[in-house]
Structures are given as structure tokens and as C-alpha cells.
Amino acid sequence: MKGFNRYLAGLILFAGFVCCGHDEPAINNDFTVQAFNPVNVNKTNNIQTYVHYMPWFENKQSSANGQWGIHWTMSTRNPDNVDENGRHEIASHFYPLIEPYASGDPNLIEYHLLLMKYAGIDGLLIDWYGSTDFNDYGQNRRNCEILIDLLGKTGLKFAVVYEDRTIKAACTIDPSFDRISGAQYDMQYLEQNYFKNSAYINIKGKPLLLVFGPEEFHTPAEWEEILSVLSVEPCFVVLNGKSTETAPFSCGEYIWVDNTDLDTKYAKKDLFDM
């Protein structure tokens, strides 16, 4: 009886192998991915919605030194510390569902862009740290340009928020660095590499250029000299309350989140025609 059971088990096992072999699907070596052009998301309000985007996050795999980037640590947190829920200790009020990421990861960028697209967002205002390679500015710029290259997949637009404070940092690191010339080169870089992009945001035919501040150049004469290297006049928009430092070369202000009351923030809204 034991021999019969072994024989029967062997037949069943053999039959199982045979059946599995017949059930395997044929491999189609001709399969190709078909790409489609992006389509518009239906919106109930036609006002263009743009988001301020920071391309400055680095993890150990993406950073040049194999360490967590400063924007995950802010010199006060250690992401190598993981709590009982598996969460890294990061310098953020909110924890990313996809874990701390690298801003230059194409898969991450596509994910972010799709989320924005489905949310009805029309474009990104990318925080831009200039054309130099001081500190982490070069990596930020490279991340920015990977992002720009992928915008076409979703049909989103973009413009730049210039961080003129990077000029001060450059002068601190290299005392021979010329403030005005450095900012002028940044403007030329923007015009040559971004303004002509079909996805770049234009306001009344002018490329939109924002500055987070200004934080370094505080007189209209300085901005006149800096912007003079551009062949096309930009729609230059500054931080709320800062247009006295840039007018008549700026054309508007934008609001940033702080403790200033809204009445004060909107007090000058009728002074600008955009």
C-alpha cells in the first residue's frame, strides 16, 4: 500500500508539472510601450495655479558625499535614526509617504508631476539657486534641469524663482567673486537655457521671473544693471513689500507665508497691472 501511495503521489506531481508547463503564457517579444501626449485636466476654475517647488532633497544614494542632504537634516536631525514605525528622523513637519527621496530621481519627478497634474495644478515655480557650483547649488540646478526635461510628459509649465542670496554666499566663499557680474551671468544662463523652453510661463509675452526677496540686491540701480544683459524684458515679480527695491524694473509682488496680516499683504494689489 505504501508503494502504491508513493506511485500515486509521483503521478500527481508529474501531472502537476505537465499542467503548469501548458499554462505558461507565450512571451511576446514584440511588446512596446506606447506614449501618449498629455491631456488637460478638467477644471471648474480657469485661473492658472502654480506651486513653488524645491528641487533640493538628496538621500545617501544621490548625494555627492554619500550622506543625507542638508534639507533632510538641517544640521539638527539624523535620518539614519529610525523609529519603531520605520520612519527616518528628518527635518520635516510632514513625512513623505514614499520615504525620504532624492529630487533628481526621474521616477520621483514623474510621480510628483502626475500628482500635481491630477490635482489641477498648471505649473511649477522652481526655486533656483543660480548657475554656480558653490555649496549644493550645482546639484540643485541639475535636479531642476532633470525636472524641466520631464515636464513635457505631463504638459505642465514652469518658471524660476531666483535666490539672489546665493550671490552673497558665493562672495563669502570666494572674495574675488563679483556680485553684479555673478547675477548677470545667472540671468544669461536663464535666458539661454530656460526662457526659450516652450513650457516656460510667459505673462503678456514676457518670461515670468520671480525673486525670493530680493535678499542681496536692494536698489533699483543694481537690478537695472543685472537685468540689462537680457535681450527680452522679463515679467519680474518680487516678494510682498519688496518692490521699492526693484521698481520700475519689477511689475508685481507675490505673497509668502509669514505672520503678516492679510490686509497688509493685499494693500498694494491694485498697484500692479498683470
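Has the range 252-271 got any residue that is surrounded by 16 or more Cβ atoms within 10 Å (Cβ to Cβ), out of contact with any helix residue (DSSP H, G or I) (no Cβ under 8 Å at 6 or more places or on another chain) and assigned to a loop (DSSP other than H, G, I, E, B)?
No - not one qualifying residue is present in the range 252-271.
Pick from the range 148-207 the residues that are in contact with a helix residue (DSSP H, G or I) (Cβ under 9 Å, 6 or more places away or on another chain) and β-branched (V, I, T): which of them is surrounded by the most Cβ atoms within 10 Å (Cβ to Cβ)?
Going through the qualifying residues, I end up with I167.
With the checklist (1) over 19 Å from the mean Cα position of the chain (by Cα); (2) modelled with pLDDT of 95 or more in hand, flag the one item M54 doesn't pass.
In the conditions (1) over 19 Å from the mean Cα position of the chain (by Cα); (2) modelled with pLDDT of 95 or more, M54 misses (1) alone.
Assuming S228 fulfils every condition listed in (1) more than 17 Å from H52 (Cβ to Cβ); (2) at pLDDT 95 or above; (3) surrounded by 15 or more Cβ atoms within 10 Å (Cβ to Cβ) apart from one, which condition is it?
(3)
I'd like the full set of residues that are of a type in the set (A, V, I, L, M), under 18 Å from M54 (Cα atoms), surrounded by fewer than 18 Cβ atoms within 10 Å (Cβ to Cβ) and free of Cβ contacts under 8 Å to residues at least 12 places away in the same chain, limited to the range 74-118.
L97, L115
Residues checked against (1) over 19 Å from the mean Cα position of the chain (by Cα); (2) of a type outside the set (A, V, I, L, M); (3) part of a strand (DSSP E or B); (4) closer than 28 Å to L239 by Cβ:
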residue	(1), (2), (3), (4)
N45	yes, yes, no, yes
Q48	no, yes, no, yes
W72	no, yes, no, yes
S92	no, yes, no, yes
P96	no, yes, no, yes
E99	no, yes, no, no
E110	no, yes, no, no
M116	no, no, no, yes
L125	no, no, yes, yes
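Within the range 169-216, take every residue that is part of a loop (DSSP other than H, G, I, E, B) and of a type in the set (D, E, K, R) and give me the one that is nearest to N240 (Cα to Cα).
Of everything passing the filter in the range 169-216, E215 is nearest to N240 (Cα to Cα).
The values are calculated or read from the model by the stated rules, or taken from the named source; none is laboratory data. Since the model is a prediction, treat every value here as computed from it, not as a measurement. Here the Cβ is made from the backbone with ideal geometry for all residues, glycine too, and neighbour counts use every protein chain on show.
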